[in-house]
Every structure is written in structure tokens, then in C-alpha cells.
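The values are calculated or read from the model by the stated rules, or taken from the named source; none is laboratory data. All of these numbers come straight from a predicted model, not from anything done at the bench. Neighbour counts are summed over all protein chains in view; Cβ atoms, including those assigned to glycine, are modelled from backbone coordinates with ideal geometry.
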Amino acid sequence: MTLDASGLAKALGPERNDGLQTVHTALCRREAGAFQRAAKSGEELVVACTQERALFLELNEQTEGAPGVVERPIRFVNIRETAGWSKDAKAQPAALTPKIAALLALAQLPDAEPVGTVGYRSEGRVLIVGSADRAARAAKMLADKLQVSVLLQGPGTLPQERSFVVHAGTITAIGGWLGAFNVSWRAGNPIDLDLCTRCNACIEVCPEQAIDFSYQIDLAKCKDHRDCVRVCDAAGAIDFQRTAQEVEAWRKKGPIERFQGWLIDSGLIHDEEIRRIEAEADAEIEAAVAFAEAGTLESVEELERFVTMERVPT
């Protein structure tokens, strides 16, 4: 690999170009003496080779008068693989000079301050954000491995089968880290996807075609007919009086979340117990769903039984 020493020296400037007066091509072999002389100087060293890192460290240790790496660390940077091995390197070697100079300058910067670490434990939950078509496709691919929730961000088509939780809204905040993300969004559409049964009745009666198969209302198209509210009266999924709400904020105000927080603060429950309880609840729900899906539909005569109190003969 051809190096442009003068170009590198100019790009790095006088504060960072010391040692570039000579370009070495065999520093780890016949030119090792040059490395040892630099090592004995006690000044900071940057070696543009990572392949022979162990050899250079050994040479430094064997060089009389050279400070140890604890006292004077030696920095190594790989300019061959990261900047030199390409078609451009052979055709225009000078074109690589800016990138090589940047790598050398970066290697001379002091080590970054250490950052705090966080524990990672996957709870097996994932939130997919996107349009209905793309999000549903991704959810289908992950549903057999993870507990999937979807946050719709655009039109499309949701499957009729309710195999994963679906929300809709505009993201207001994302925080946390891998395994512990927190997402807040503002839900302002008249259709509540938790209540929507995806029966398509609202789509059929809407004269403006303002509702698509993502089961959200395009408020720019919607007028004042409200036929959708009428056909959805039983499910109650459509409410034009519903105000926008911070979903995550209200969820944190829920009794289960608040009670769990109180138990944690009081030292009455710990993470392992919470995970066990959640796993047992998930397993119970899955078993109930599997039992229901494996059963047969009720007859019309039995459909309303136990919905209201049976009349007592007088």
C-alpha cells in the first residue's frame, strides 16, 4: 500500500504529524530499530499496524530504556483493512489520504471516559413500529418466538386474525436500552384498536371511504355522517369524542403498575418473582386461548346464556 507521507503530514497538522518524515514498510522486521529508537524516546507512540501488535509490544518490553506500556501506552490503528484495501487504493492512492489521516488522528485522541453499564435481560417482548402492511408482515415472522405488539404509523391492511396486540398513534418519546425500552405515543384516532373486532362494517358504510383496512379513520376525508359509529354500537370501538391521550403515561397510572411499584419500593417483591408471576399469567392466558380455539362454537340457543340474569318464575 502506497502512503503519501507529505499529504498525511499536511492533513494532520504540526501537532499530530511527528514521525511522518519517514515512511516505513518493514517496521516489524528489518526496520525494527526505528521502532525501538522511538520507544526509548518516551513519547506517545501510534503504530499503524494491528497484525503485529504482539511483536511490537514484545519489542518495547525488550528495548532497554523504553517505558512500559502501563507508563506509556502504545496505540495501534489498522489503516490497511479500514482504508487501504480497495480498488481505489491501486487506482488513486492519494484519494485515501484523508481517511488514513482521520484514522491516525483518532488514534492519538485520549481514551474516552468510561461509561456506565446496564444489565440486559430479554423479557421476550418486541414492539414493531410501521405501516400496517410492513408491521404485520414483521409481526408474523416474530410471533412464534416473541410476544409481539404493533404500533401503526400509516395505512395498510391488518390481518383479520387477532394474533398480536395492535396500537395506533404518534410516538412522543423513546427511551431506555436493549431489553428495557420505553415508548410513549399519543393515540388520537376515533377507532380504538383494542375494542375493534375488524368486522369491516365501518368500512362498508363509510360514504367517503375514509376508513381502510388498518381500521383507522382518515380525518381529512371524514365528514359528519357518523354511519360508522352506528354500525359499531355493539363493540363501541368508534368514539369521535375521545381525546388524544398519552398511552404510556396512562398505563403507568393503572392499578397493576402502581401496585407493582409499591411492592418493589417496599421490598416485598423482586424482579425474579415479577418475571415468574408474569410468565404464569402469560401461560394461563395462552392455555385459555388454546382451549377456546380448540372448542366448538356455541349454538344460537346458548349464545345469550349467562350474559344476563335468568328470569326467576314468579
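Worth pointing out:
- Among residues of region 134-165 being buried (at least 16 other Cβ atoms within 10 Å of the Cβ) and more than 24 Å from Glu286 (Cα to Cα), the one that is farthest from the chain's Cα centre (by Cα) is Gly156.
- Subset of region 12-52 (residues that are in contact (Cβ under 8 Å) with a residue 40 or more places away in the chain and surrounded by fewer than 16 Cβ atoms within 10 Å (Cβ to Cβ)): Glu44
- Residue in region 251-274 that is in the same structural domain as Leu146 (by TED's automatic domain parsing) and modelled with pLDDT of 85 or more present: no
- Remark: Gln209 falls outside the filter, which requires a residue to be buried (at least 18 other Cβ atoms within 10 Å of the Cβ), polar (S, T, N, Q) and modelled with pLDDT of 90 or more.
- Test for Ala9: is it closer than 17 Å to Leu109 by Cα, in the same structural domain as Gln92 (by TED's automatic domain parsing) and touching a residue at least 24 places away in the same chain (Cβ under 8 Å): no
- Here the condition is being among the acidic types (Asp, Glu), closer than 24 Å to Arg125 by Cα and assigned to a loop (DSSP other than H, G, I, E, B); of Asp194, Asp224, it holds for Asp194 alone.
- Filter result for the condition that a residue is among the acidic types (Asp, Glu) and within 30 Å of Pro155 (Cβ to Cβ), over Asp133, Asp111: Asp133
- Looking at region 54-168, the helices (runs of 4 or more DSSP H) lying wholly inside it that each contain 1 or more residues that are without any contact (Cβ under 8 Å) to a residue 24 or more places away in the chain and touching a Pro at 6+ places or on another chain (Cβ under 7 Å) sit at 132-142.
- Boolean, Arg37 is among the basic types (Lys, Arg) and part of a loop (DSSP other than H, G, I, E, B): no
- Verdict on Gln51 being part of a loop (DSSP other than H, G, I, E, B), modelled with pLDDT of 80 or more and more than 18 Å from Gln108 (Cα to Cα): yes
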